[in-house]
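No value in this document is a laboratory result; all are computed from the given coordinates. Just so you know, these numbers come straight off a predicted model, no measurement behind them. Neighbour counts run over all protein chains shown; Cβ positions are idealised from the backbone, glycine included.
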Amino acid sequence: MDTTRVLLSDSHLHLHLGSGIFPSMARRWKGCSCAVSTQDWDAALTAAKAAPGATVFFGIHPWYASGDLDRTLSRLEDLLSAEPSAGIGEIGLDAFRADTDLDTQRIWFREQMRLARTYNRPVSIHCVRAFGPLMDELTAMPGSLPPFCIHSFNGSREIMDRIIRRGGSVSFSAFSLKGASGKSADCLHHAQDGHFLLDTDFPSREGQNLKEYPGMLTALYEEAARIRDVHVERIAALTAEAFAPFSGETTV
Ligand SMILES: [Zn+2]
C-alpha cells in the first residue's frame, strides 16, 4: 500500500506508553493520544507534543476511577483550560476488568462527560460489556453531545445505530475486528459513512517500540478495506471525514 498519498487517522492510541521515537508521519497522520489516569497526564502531553499530528486527550479510564473525584475534576479543568485543543479520554465503563464497581464508574464517566459538554471537547470512550449502562448515561444527558467515539467497538449493530443516532461514532481496532463471532467486522461492513473510525489502541503490549506503529496502523487500514471491499484510499477518506471533529483543528 502506498501510504504517501493518504491521510491515516487513528482515533485512539497511547503514544506515551510506547518506547522509542515517534516515526516521521507528518502531514499524512493524525491521532488522538489518550491518557488513562492523573499519573500519566503530563507524560501524555509531552508525548503528544513530540508527535506532529497528535491531539492529546486527558481523562480517567474506568479501571482507575477511584480517589478524590472533585480534586481530579478540578485538575482536569485546569488542563483543559491550558490546552484548548485537548480532548477528554480515555473515559468509559468496564463491567469486565475494572476493580471499581459500575455505579462508581458511572459517576466518574458522567462528570467527565459534563466537562466535555462544558468545554465542548471531543471524547474517546472505552466500553466493555457495559453498553446498556453506557447508552442509559448517553441518553440521560441533556441536549446534543460533543463529538464522541467508542473505541475498539465490539457492540451489536443495534447499539452502533443508537450511538450514531446520539451523534457519536464507532471506532474499530484490530483487536475488536478479530472477535471470534465476527460481530465487529459485520458492524464495520455496515457502518454509516462518516461515522466510523479506526484505532490501534497502541501499544498492544507495554513499552512496545513506536517504530512498530506505522506497520500496525497500515495493517488495520488494509483489514478495514478488505472488510468493506473498497480501496484503502476510500477508507482513509471516510475515516478522515469522521475524524475531523477529534483532531483539535477545523480541517483535516
Ligand atoms: Zn486505550
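Which of the following residues is within 16 Å of the ligand (Cβ to nearest atom), among the small types (Gly, Ala, Ser) and either touching a Leu at 6+ places or on another chain (Cβ under 8 Å) or over 25 Å from Glu212 (Cβ atoms) (or both): Gly31, Gly67, Gly20? Even if it seems obvious, please write down each step before you answer.
Values: Gly67 fails: within 16 Å of the ligand (Cβ to nearest atom); Gly20 fails: within 16 Å of the ligand (Cβ to nearest atom).
Every option except Gly31 fails the conditions.
Residues to consider are Leu188, Leu220; find the one that is in a helix (DSSP H, G or I), more than 21 Å from Arg28 (Cβ to Cβ) and either within 16 Å of the ligand (Cβ to nearest atom) or not acidic (Asp, Glu) (or both).
Details: Leu220 fails: more than 21 Å from Arg28 (Cβ to Cβ).
Step by step, each of Leu188, Leu220 is checked, and only Leu188 is in a helix (DSSP H, G or I), more than 21 Å from Arg28 (Cβ to Cβ) and either within 16 Å of the ligand (Cβ to nearest atom) or not acidic (Asp, Glu) (or both).
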- request: Would you check which residues across region 102-146 are surrounded by fewer than 18 Cβ atoms within 10 Å (Cβ to Cβ), hydrophobic (A, V, I, L, M, F, W, C), in a helix (DSSP H, G or I) and out of contact with any strand residue (DSSP E or B) (no Cβ under 7 Å at 6 or more places or on another chain) and list them?
  value: Ile107, Met135, Ala140
Residues being in contact with a helix residue (DSSP H, G or I) (Cβ under 8 Å, 6 or more places away or on another chain) and within 15 Å of the ligand (Cβ to nearest atom) - total across region 40-63: 14
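Checking the conditions here, which among Asp78, Asp40, Asp70, Asp99 is part of a loop (DSSP other than H, G, I, E, B) and farther than 21 Å from Ala242 by Cα? Walk me through how you get there before you give the answer.
Values: Asp78 fails: part of a loop (DSSP other than H, G, I, E, B); Asp40 fails: part of a loop (DSSP other than H, G, I, E, B); Asp70 fails: part of a loop (DSSP other than H, G, I, E, B).
Every option except Asp99 fails the conditions.
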